[in-house]
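The values are calculated or read from the model by the stated rules, or taken from the named source; none is laboratory data. Since the model is a prediction, treat every value here as computed from it, not as a measurement. Cβ coordinates were reconstructed from backbone atoms using ideal geometry, including for glycine residues, and neighbour counts include every protein chain displayed. These area figures cover heavy atoms from the full protein model, side chains too; ligands, DNA and RNA do not enter into them. Shrake-Rupley method; radii C 1.70, N 1.55, O 1.52, S 1.80 Å.
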Amino acid sequence: MTESDPLTDPIADAILGGSTYERLRLQRFSFFKQPVPRKLAWQSGLLFVLALVLPLAAGYPAETKALFASHSPTAASPKMLLLGLVGGGIELGTASALVAVTVRRLQLEPDLTEDAARRLLNVEDVATLVGVVTGGFAVLLTLAFFVLGYAGPEAVAAFVESGGTSPFAPSGVGVSVTTLAVAALCGSLVVFASSVGLDRVLN
């Protein structure tokens, strides 16, 4: 057989002889056709990126630290952290949904019907879009606000004057930068472990 032989093509193999779930995944329209383990790896990466708020806050120059009420950025709970909490929550919630979909799929195979597979794929698609797009945007925007601190108080003042509120003002939620970063890092490790584990089971 040559490398172009359909029998050696993993896509053709999935359509012709693979599971109902994989066949429908490849046949239907979707922005993200990647398998669940890869999607979980992406979300693990986004959670790791969110954890970078801690080293960013720890490295602030003295003039930026003065913008925090306690003058301790890592122990503070600034408003920009709220976006990170939302992003991190979205990533963990949608990652859990992807794991649940895969577990349910494995429970039903090899007797998984096309209707059941489509329902599971619909949940997978929604969870992926919300997790990667919405959650990813929230995580990256959080990081952008933390990077703004390195531009100095003048840049922050210009941002406020343009119509925004100070991202360094207290949020009032009581969750510190350190707490969010540690939680995001732990979540990243758990999601990555789930990615590796499901990849081994599915392959």
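Rank Glu63, Glu124, Glu91 by mean-square fluctuation in a GNM of the chain with C-alpha springs under 10 angstrom and give only the top-ranked residue.
Glu63
Taking only protein heavy atoms into account and a 1.4 Å probe, give the accessible area per residue of the chain in Å².
Here the per-residue accessible area is 52 Å².
Taking all protein chains as present, what is the carbon and sulfur share of the accessible area of the chain, in % to the nearest whole number, probe 1.4 Å?
So the carbon and sulfur contribution to the accessible surface is 66 percent.
At 0.36 nm per residue, and after removing the present C-alpha to C-alpha distance, how many nm does the segment from Phe137 to Val86 gain when stretched out fully?
Between Phe137 and Val86, full extension yields an extra 17.3 nm.
Hey, which lysines would be in cross-link range of Lys79, C-alpha to C-alpha under 28 Å, not counting anything within fewer than 8 residues on its own chain?
The qualifying lysines are Lys65.
Among Ser162, Ser176, Ser72, determine the one that fluctuates most according to a GNM of the chain built with springs between C-alpha atoms less than 10 Å apart.
Evaluated over the chain, the most mobile residue of the options is Ser162.
Given a cut-off of under 8 Å on Cα pairs at least six residues apart, what relative contact order in percent is computed for the chain?
Values: 248 pairs, mean separation 77.4, N = 203.
About 38 percent, as a whole number.
Report, in order of residue number, the helices in the chain meeting two criteria: a C-alpha extent of 24 Å or more along the helix axis, and a mean Kyte-Doolittle hydropathy of at least 0.0; treat each whole DSSP H run as one helix.
80-108, 177-202
Going by Cα centres, the range 32-95 and the range 122-187 are how many Å apart?
Here the answer is 6 Å between Cα centres.
To the nearest 0.05, what FRET efficiency results for Ser72 and Leu202 with a Förster distance of 45 Å applied to their C-beta separation?
On the way: r = 45 Å, r/R0 = 1.01.
Computed FRET efficiency for Ser72 and Leu202 comes out at 0.50.
Given the -39500 (n - 2.57) contribution per DSSP H run of 4+ residues, what per-residue ellipticity at 222 nm results for the chain, rounded to the nearest 500 deg cm²/dmol?
That comes out to -21000 deg cm²/dmol.
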